[in-house]
Amino acid sequence: MNNYNRHLITAALPYANGPVHIGHLAGVYVPADIYARYMRLRGRDVLFICGSDEHGVPITIKARQLGVTPQDVVDKYHLIIKDSFERLGISFDIYSRTSSATHHKTAADFFKKLYNEGQFIEKTSEQYYDTEAQQFLADRYITGTCPKCGNENAYGDQCEKCGSTLSPNELINPRSTISGAQPILRETSHWYLPLDQHEAWLRQWILEEHKEWKVNVYGQCKSWLDGGLQPRAVSRDLDWGVPVPVEGAEGKVLYVWFDAPIGYISNTIELRPDDWKKWWQQEDTKLVHFIGKDNIVFHCIVFPAMLKAHGDYILPENVPANEFLNLEGDKISTSRNWAVWLHEYLDEFPGKEDVLRYVLCANAPETKDNDFTWKDFQTRNNSELVAVFGNFVNRAVVLTQKYFAGKVPPLKGLNDYDKSILAELPVLKQAIEDNIEHYRFREALKEVMNIARLGNKYLADTEPWKLAKTDMDRVSTILNISLQLCASCAIAFGPFLPFTAQKLRYMLGESSAEWDKLACSDILPEGHTLNEATLLFDKIEDETVQTQVDKLNNTKAANLAAQKPACEPQKPACSFDDFMKMDIRTATVLEAERVPKTDKLLKLKIDTGMDTRTIVSGIAEYYSPEQMLGQQICILANLEPRKIKGIESQGMILMAKETNGKMRFIRPEETLGNGATVS
RNA sequence: GGCGAGGUAGCUCAGCUGGUUAGAGCGCAGGAUUCAUAAUCCUGAGGUCGCGGGUUCGGGUCCCGCUCUCGCUACCA
């Protein structure tokens with residue numbers, strides 16, 4: 001790190017369509033803040049940049065649902081997010097937003113430069129257009145019948161019922177959610193960033209020059225690069241976002257993935273209008289992006305490609321991405337309200353900001369998904385923060401009040417044991433530094449805690465309360481050392497638990513916060529007056545965490561009740577003639593086998609009475625080939641044949657399906673001859 | 001099915017480029033202690049390092065196969 005003159009630290013821009021929860025914190029903001037605070041304490045020149053990501057289709061949809069403008073939505077969440085970060089002590093140098101004028105200009109300029117230099121390719125495609133609303137429709141603005149499960153309310157990009165990924169033109173009966181009209185296909189042109197053209201240097205840069213990146217990051221990048229990169233659209237037809245700054249591009253905005261990371265740059269410009277360039281364009285800046293694993297590809301491949309295409313910018317030196325945090329065994333989910341929301345936590349646990357920071361760091365999902373439980377939260381508070389750290393400080397300070405009227409007593413000679421204790425400190429300091437600089441914050445915090453553990457052991461071994469009756473010189477030395485250990489704690493905990501470190505420094509009579517003093521044996525001068533002993537942490541009682549667990553259980557119960565599958569709503573009326581077009585017949589399964597390399601497909605040979613034919617059906621999750629053999633079933637015989645996995649399927653098996661997904665095939669109440677018509 | 005990441009003590013997790021009796025915290029058992037928010041300190045029990053092969057003098061650690069979990073992705077007329 002000595003080759004760098006400044007440290008530019010970014011934390012993933014939170015998307016402003018909801019508040020921040022513990023998953024975001026553990027994955028991104030807590031580690032980033034620890035890193036930023038640490039670098040500042042070490043005297044480095046640091047900028048810690050973040051802000052709300054406020055564009056994109058989901059926000060326009062949320063606005064439409066609520067009957068307000070997109071700006072209203074982002075205003076609301078931007079404030080909640082910004083405020084809650086501040087209260088947790090996340091020390092951004094700036095927390096701005098992508099709807100700012102600075103950002104619009106920066107993003108537009110960025111685009112223009114790439115556009116003018118021919119870094120984009122232009123492609124024309126057909127997309128759905130709503131003639132009533134007079135606009136192109138984003139995937140999410142189109143609903144229709146899912147071609148896969150028949151759900152009538154599938155979105156243009158995804159069916160939430162069966163989970164499959166769709167493209168809008170796969171939908172049957174597409175409808176515009178804006179006007180309800182049937183959209184038409186119309187030509188539109190968009191610009192694409194040809195990622196494929198950047199593949200070669202990306203391979204070299206990541207796979208050769210950054211083998212030190214975390215395994216999850218490196219692995220994900222390699223997977224993408226090996227799969228071959230595709231051009232990616234940088235614009236889309238939407239009225240919310242940064243308008244494409246090109247003539248004839250009315251109604252088009254920058255795709256949110258393109259404008260969002262530029263937010264790091266624009267927020268820096270907003271903060272440092274005069275010298276921002278040296279932060280983004282000089283090789284002696286170390287740029288580090290803190291993100292969650294869902295953002296790896298953007299920050300390691302897409303954004304660097306943008307920066308490289310632009311030409312003036314440096315590339316990130318590292319992208320320490322964390323895995324995900326689960327909550328009480330289940331995936332955190334905003335839509336299911338399965339989360340611990342930061343702003344709620346701050347209200348419900350006043351003064352316990354550091355407890356959350358501690359727990360999220362101590363159990364951070366650095367190498368794999370981890371689980372947050374309230375039980376663990378309580379245990380870590382009670383048996384680590386209270387019992388080890390808080391208790392040690394309390395012991396040292398109370399003993400000093402008792403025997404030396406609250407003044408730091410002098411060192412009166414060190415014995416070998418004293419020396420061995422003091423000798424441990426530089427070792428711990430080194431370990432803390434190494435771990436933080438390699439983004440291992442969990443391990444670093446453990447080493448910090450070891451200072452307090454060392455203190456507890458020192459007191460237990462030397463027993464100053466016994467010596468007080470016989471040897472006050474010894475007591476004097478022991479308490480001096482104990483207080484120096486407390487002072488080291490006050491420094492070392494600074495990046496992790498800023499509020500507590502502050503409180504502790506006050507208790508120690510405004511002791512030093514300088515990182516270089518950490519591990520020194522003379523942080524507190526002899527005779528220095530301490531302030532009154534106060535408790536750094538309080539125990540958390542069973543009832544307190546039980547309340548939180550109950551809250552989650554209620555959420556779970558509510559979710560279950562809400563999900564209780566009613567029936568599918570009835571489909572629109574269908575004429576008798578339409579129905580009669582369908583040729584439904586009885587048939588018998590003669591042969592059945594799994595289609596290789598698929599999870600759901602069975603290939604069936606059936607006797608329809610008229611002929612013997614092949615049908616491929618997605619029922620392997622519910623029926624084994626053996627179970628199907630010899631069964632009489634009903635089929636839609638005159639369905640247009642279609643190739644599935646290279647096999648021509650000549651018909652469809654009729655299945656009954658519950659809303660929870662369970663499927664059973666239909667058969668006549670009594671076995672009939674094959675080819676009997678069903679109506 | 002493909003790709004990525006995981007599967008190590010009761011629980012939560014470390015174990016870097018292969019090397020002496022596999023570690024930590026919590027929990028548990030026993031002991032010590034009382035300055036401290038019944039906190040602390042010491043000792044101990046507890047693991048066939050997912051399963052099976054292979055390379056090696058030697059494998060949680062490398063290679064192959066299998067299996068389970070999580071994420072992304074494909075198939076679903």
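The values are calculated or read from the model by the stated rules, or taken from the named source; none is laboratory data. Keep in mind that what you see is a predicted model, and the values were worked out from it rather than measured. Using ideal geometry, Cβ is built from the backbone for each residue, glycine included, and neighbour counts are taken over all protein chains shown. Heavy atoms of the whole protein, side chains included, go into the accessibility calculation; ligands, DNA and RNA do not. Shrake-Rupley method; radii C 1.70, N 1.55, O 1.52, S 1.80 Å.
Residues that are touching a residue at least 24 places away in the same chain (Cβ under 8 Å) and acidic (Asp, Glu) within segment A:54-75 comprise just one, A:Glu54.
Here A:Leu66 meets the list (1) within 24 Å of A:Glu344 (Cβ to Cβ); (2) touching a Pro at 6+ places or on another chain (Cβ under 6 Å); (3) surrounded by fewer than 24 Cβ atoms within 10 Å (Cβ to Cβ) almost entirely, failing just condition (2). Of the residues making up segment A:487-500, one or more are within 14 Å of RNA strand B (Cβ to nearest atom) and not in a helix (DSSP H, G or I).
All of (1) within 9 Å of RNA strand B (Cβ to nearest atom); (2) within 30 Å of A:His289 (Cβ to Cβ) hold for A:Asn382 with one exception: (2).
Residues are listed down the side, and each one gets a yes or a no for (1) out of contact with any Phe, Trp or Tyr (no Cβ under 9 Å at 6 or more places or on another chain); (2) under 30 Å from A:Gly329 (Cβ atoms):
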{"site": "A:Val475", "(1), (2)": "no, no"}
{"site": "A:Ile478", "(1), (2)": "no, no"}
{"site": "A:Cys486", "(1), (2)": "no, no"}
{"site": "A:Phe496", "(1), (2)": "no, yes"}
{"site": "A:Leu504", "(1), (2)": "no, no"}
{"site": "A:Gly527", "(1), (2)": "yes, no"}
{"site": "A:Glu541", "(1), (2)": "yes, yes"}
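Among the residues of segment A:37-52, which ones are touching a residue at least 60 places away in the same chain (Cβ under 8 Å) and assigned to a helix (DSSP H, G or I)?
Taking segment A:37-52 first, the residues touching a residue at least 60 places away in the same chain (Cβ under 8 Å) are A:37-38, A:41-43, A:47, A:49-51.
Residues satisfying the conditions are A:Arg37, A:Tyr38, A:Leu41.
Within the span defined as segment A:49-62, one or more residues are touching a strand residue (DSSP E or B) at 6+ places or on another chain (Cβ under 7 Å) and among the polar types (S, T, N, Q). Of all the listed residues (A:Met472, A:Met449), the sole one being within 11 Å of RNA strand B (Cβ to nearest atom) and among the aliphatic types (A, V, I, L, M) is A:Met449. The numbered conditions (1) more than 16 Å from RNA strand B (Cβ to nearest atom); (2) closer than 17 Å to A:Ser482 by Cα; (3) modelled with pLDDT of 85 or more; (4) open to solvent by 70 Å² or more (accessible area, probe 1.4 Å) are all true for A:Lys551 except (2).
Look at A:Arg395 and say whether it is of a type in the set (Lys, Arg), more than 6 Å from RNA strand B (Cβ to nearest atom) and either within 22 Å of A:Lys551 (Cα to Cα) or touching a residue at least 24 places away in the same chain (Cβ under 8 Å) (or both). When the stated conditions are applied, A:Arg395 does not pass them. Report the residue count in segment A:449-480 for those that are β-branched (Val, Ile, Thr) and surrounded by fewer than 19 Cβ atoms within 10 Å (Cβ to Cβ). Summing the residues that are β-branched (Val, Ile, Thr) and surrounded by fewer than 19 Cβ atoms within 10 Å (Cβ to Cβ) in segment A:449-480 gives 1. When A:Leu459 is tested against (1) more than 8 Å from RNA strand B (Cβ to nearest atom); (2) aliphatic (A, V, I, L, M); (3) under 20 Å from A:Asp522 (Cα atoms), only condition (1) is not met. Residues of segment A:202-220 that are over 30 Å from A:Asn116 (Cβ atoms) and within 16 Å of RNA strand B (Cβ to nearest atom): A:Leu207, A:His210, A:Lys211, A:Glu212, A:Trp213, A:Lys214, A:Val215, A:Asn216, A:Val217, A:Tyr218, A:Gly219, A:Gln220.
Would you point out which residue out of A:Leu88, A:Leu41 is more than 24 Å from A:Ala107 (Cβ to Cβ), in contact with a helix residue (DSSP H, G or I) (Cβ under 7 Å, 6 or more places away or on another chain) and open to solvent by less than 10 Å² (accessible area, probe 1.4 Å)? Before you say what the answer is, go through the steps one by one.
On the way: A:Leu41 fails: open to solvent by less than 10 Å² (accessible area, probe 1.4 Å).
The match here is A:Leu88.
Contact map, segment A:378-392: first residue under 18 Å from A:Lys503 (Cα atoms) and β-branched (Val, Ile, Thr), second residue in a helix (DSSP H, G or I) and near RNA strand B (Cβ under 7 Å from one of its atoms), Cβ cut-off under 8 Å, separation 6 or more or different chains; pairs are A:Val388/A:Arg453; A:Val388/A:Asn456.
Of all residues in segment A:630-650, which are part of a loop (DSSP other than H, G, I, E, B), under 13 Å from A:Thr608 (Cβ atoms) and either charged (D, E, K, R) or within 9 Å of RNA strand B (Cβ to nearest atom) (or both)? Steps first, please.
Looking only at segment A:630-650, we keep the residues that are part of a loop (DSSP other than H, G, I, E, B), and these are A:630-631, A:637-641, A:645-646, A:650.
With under 13 Å from A:Thr608 (Cβ atoms) added as a condition, the list becomes A:637-639, A:650.
Selection gives A:Leu639, A:Gln650.
Selection of segment A:481-509 for residues being under 19 Å from A:Leu399 (Cα atoms) and open to solvent by 10 Å² or more (accessible area, probe 1.4 Å) yields A:Lys503, A:Arg505, A:Tyr506, A:Gly509.
Just to be sure before I move on: is A:Pro316 under 30 Å from A:Asp369 (Cβ atoms) and in a loop (DSSP other than H, G, I, E, B) in the structure I sent?
Answer is yes for this residue.
For the condition within 22 Å of A:Ile262 (Cα to Cα) and assigned to a helix (DSSP H, G or I), A:His55 does not qualify. In segment A:304-355, the residue that is surrounded by the most Cβ atoms within 10 Å (Cβ to Cβ) out of those that are aromatic (Phe, Trp, Tyr) and at pLDDT 90 or above is A:Tyr345. Applying the set (1) over 30 Å from A:Lys286 (Cα atoms); (2) of a type in the set (S, T, N, Q); (3) open to solvent by less than 20 Å² (accessible area, probe 1.4 Å); (4) without any contact (Cβ under 8 Å) to a residue 40 or more places away in the chain to A:Asn435 leaves exactly one unmet item: (1). Quick check on A:Lys402: is it within 7 Å of RNA strand B (Cβ to nearest atom) and either at pLDDT 90 or above or within 19 Å of A:Pro464 (Cβ to Cβ) (or both)? Judged against the criteria, A:Lys402 is a match. Listed by first and then second residue, the pairs linking a residue in segment A:222-235 that is closer than 20 Å to A:Gln204 by Cβ and free of Cβ contacts under 8 Å to residues at least 40 places away in the same chain to a residue that is open to solvent by less than 60 Å² (accessible area, probe 1.4 Å) and within 14 Å of RNA strand B (Cβ to nearest atom), with Cβ atoms under 9 Å apart and 6 or more places separating them unless they lie on different chains, are A:Lys222/A:Ile206; A:Lys222/A:Leu207.
Residues in segment A:98-128 that are in contact with a strand residue (DSSP E or B) (Cβ under 8 Å, 6 or more places away or on another chain) and of a type in the set (Val, Ile, Thr): A:Thr98, A:Thr102, A:Ile121, A:Thr124.
Report, by residue number, each residue of segment A:608-619 that is part of a strand (DSSP E or B) and open to solvent by less than 50 Å² (accessible area, probe 1.4 Å).
In the first step, residues of segment A:608-619 are kept if they are part of a strand (DSSP E or B); the result is A:612-617.
Residues satisfying the conditions are A:Arg613, A:Thr614, A:Ile615, A:Val616, A:Ser617.
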